[in-house]
């Protein structure tokens with residue numbers, strides 16, 4: 001499940017060539033075989049001068065239960 005968050009950060013927000021600076025995750029419920037999970041990434045802070053973005057990361061199952069909750073810090077690639 002944490003790989004899903006990594007995939008979102010590497011391909012969608014902030015995107016390719018970004019640098020993963022850190023991540024904190026809390027696994028709040030098990031993911032079972034057959035579960036469908038959805039990752040939501042929300043920007044909570046942005047430092048344009050350093051290109052650093054702080055994100056809240058949440059993964060929920062198809063029943064609406066949060067299975068992973070955490071945060072990530074990434075450095076956006078230069079354009």
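Observations on the model:
To keep it simple, each residue is scored yes or no on (1) surrounded by 12 or more Cβ atoms within 10 Å (Cβ to Cβ); (2) modelled with pLDDT of 95 or more; (3) part of a loop (DSSP other than H, G, I, E, B); (4) out of contact with any helix residue (DSSP H, G or I) (no Cβ under 7 Å at 6 or more places or on another chain).
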residue: 9; (1), (2), (3), (4): yes, no, no, yes
residue: 15; (1), (2), (3), (4): yes, no, yes, yes
residue: 29; (1), (2), (3), (4): yes, yes, yes, yes
residue: 77; (1), (2), (3), (4): yes, no, yes, yes
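- Only residues that are on the phi > 0 side of the Ramachandran plot and part of a strand (DSSP E or B) were counted across segment 41-69, and they come to 0.
- Subset of segment 17-27 [outside any loop (DSSP other than H, G, I, E, B) and exposed (fewer than 12 other Cβ atoms within 10 Å of the Cβ)]: 22, 24, 26
The values are calculated or read from the model by the stated rules, or taken from the named source; none is laboratory data. This is a predicted model, so every value here is computed, not measured. Please note: Cβ atoms are built from the backbone with ideal geometry, for glycine as well, and neighbour counts cover all protein chains shown.
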